[in-house]
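The values are calculated or read from the model by the stated rules, or taken from the named source; none is laboratory data. The shown structure was predicted, so the numbers you read here are calculated from the model rather than taken from an experiment. For neighbour counting, all protein chains shown are included, and Cβ atoms are generated from backbone atoms with ideal geometry for every residue, glycine included.
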Amino acid sequence: MEQVELGWNEFWADIFRVKHRRSLQGIQYYDTMVVKFCIEVLGLKKGGDLLDIACGAGDQSVEFALQGVNVTAFDISSRLIEYAKESAVNRNVSVNFYTGDMLKMSFENQFKAAVLLSHSFGFFNHDENKQVLRDTYKALKPKGCLLLDLMNPYNLPKFVKTWTTLEGGILLIEPHLLDAPAGVLRGRPATFIDTANDRIVLMDEDAVSNNDIRMYTALEIRAMLEEAGFKKIDFYGQNKLPRMQYSSDSERMVVIASK
Ligand SMILES: C[S@@+](CC[C@H](N)C(=O)[O-])C[C@H]1O[C@@H](n2cnc3c(N)ncnc32)[C@H](O)[C@@H]1O
């Protein structure tokens, strides 16, 4: 069988975020619950302006729009944005989707709220991660709120090796590894057995290194948010209703910070 290596845009977008994510049982219901939670804790009203940073294939952006929220959403992967636009058309809603880099945001006083969902925070070095918070702060209107939906560093999911049959092939996912001294959750190379095209698809070096995520504790996140200018900072233990207090054994660490 021929072997090919694909980069972030192709491997991550087509295989992981679209084919794999959309094959997960109950994922649409999960997205609906996350969106309901966000709308309530962020106090979003119909017509309120929301910025969905690193929106992936736009699964939650479209759900927000279906609830009447006015959504601007971007992701670095142009392939994912193509899927997102298609999905908005299919579900008959309008979302302002575009391809963009969260390290290059230049919004000012524009949004009532901003979200980074499914642990889309911590991809860069410490200074760049702080820059994301600073630029999001600038993007918000006075009293606007940011929501970070993060894994709980004290209760990480049990990552296991999985084989999943997807449309056109089989995906092998290797478990993430926590590099404790660095505080980084290291992604591992995944492999797609592309039976439809009789080839093995590997992730190239860039795609593998783009998989690392810095894990911050609540105290560290609070300090970074305060440094960025945020005032009221609350933590919740799950990304669905009812609101649960955050503790070391919570499912998630959800952070809400107000300007
Ligand atoms: C874990 S996924 C989450 C996607 C979506 N928010 C969701 O919950 O399904 C992380 C996303 O971050 C995007 N991403 C990575 N680096 C980025 C950057 N510098 N700017 C914008 N998006 C980025 C990836 O392409 C990917 O879609």
> Going through region 195-223 one residue at a time, which ones are within 19 Å of the chain's Cα centre (by Cα), among the hydrophobic types (A, V, I, L, M, F, W, C) and over 24 Å from Q60 (Cα atoms)?
Replying inline: V208, A218
> Could we say that S61 is hydroxyl-bearing (S, T, Y), near the ligand (Cβ under 9 Å from one of its atoms) and in the same structural domain as G144 (by TED's automatic domain parsing) here?
Replying inline: yes
>> Condition first: over 17 Å from V254 (Cα atoms), in contact (Cβ under 8 Å) with a residue 40 or more places away in the chain and of a type in the set (D, E). Now tell me which residues in region 44-70 satisfy that.
In response: D49
>> over 15 Å from the mean Cα position of the chain (by Cα) and modelled with pLDDT under 95: which single residue out of L44, L24 fits that description?
In response: L24
> For region 61-85, what are the residues that are assigned to a helix (DSSP H, G or I) and crowded, with 19+ Cβ neighbours inside 10 Å?
Replying inline: S61, V62, E63, F64, A65, R79, L80, I81, Y83, A84
> Looking at region 25-43, is at least one residue buried (at least 16 other Cβ atoms within 10 Å of the Cβ) and over 18 Å from V254 (Cβ atoms)?
Replying inline: no
> Restricting attention to region 160-171, which residues are surrounded by fewer than 14 Cβ atoms within 10 Å (Cβ to Cβ) and among the hydrophobic types (A, V, I, L, M, F, W, C)?
Replying inline: V160, W163, I170
> In region 111-128, how many residues are within 11 Å of the ligand (Cβ to nearest atom) and crowded, with 16+ Cβ neighbours inside 10 Å?
Replying inline: 10
>> Just checking, does region 214-231 include any residue being within 30 Å of C145 (Cα to Cα), modelled with pLDDT of 90 or more and β-branched (V, I, T)?
In response: yes
> Across region 46-56, which residue is farthest from the ligand (Cβ to nearest atom) among those that are assigned to a loop (DSSP other than H, G, I, E, B) and crowded, with 24+ Cβ neighbours inside 10 Å?
Replying inline: C55
>> Name the residue that is surrounded by the fewest Cβ atoms within 10 Å (Cβ to Cβ), counting only residues in region 86-104 that are near the ligand (Cβ under 9 Å from one of its atoms) and either under 27 Å from L156 (Cα atoms) or in contact (Cβ under 8 Å) with a residue 24 or more places away in the chain (or both).
In response: D101
> Does any residue of region 82-104 turn out to be modelled with pLDDT of 95 or more and closer than 20 Å to I256 by Cα?
Replying inline: yes
> Any residue at all in region 14-31 that is within 14 Å of the ligand (Cβ to nearest atom), in contact with a strand residue (DSSP E or B) (Cβ under 6 Å, 6 or more places away or on another chain) and among the aromatic types (F, W, Y)?
Replying inline: no
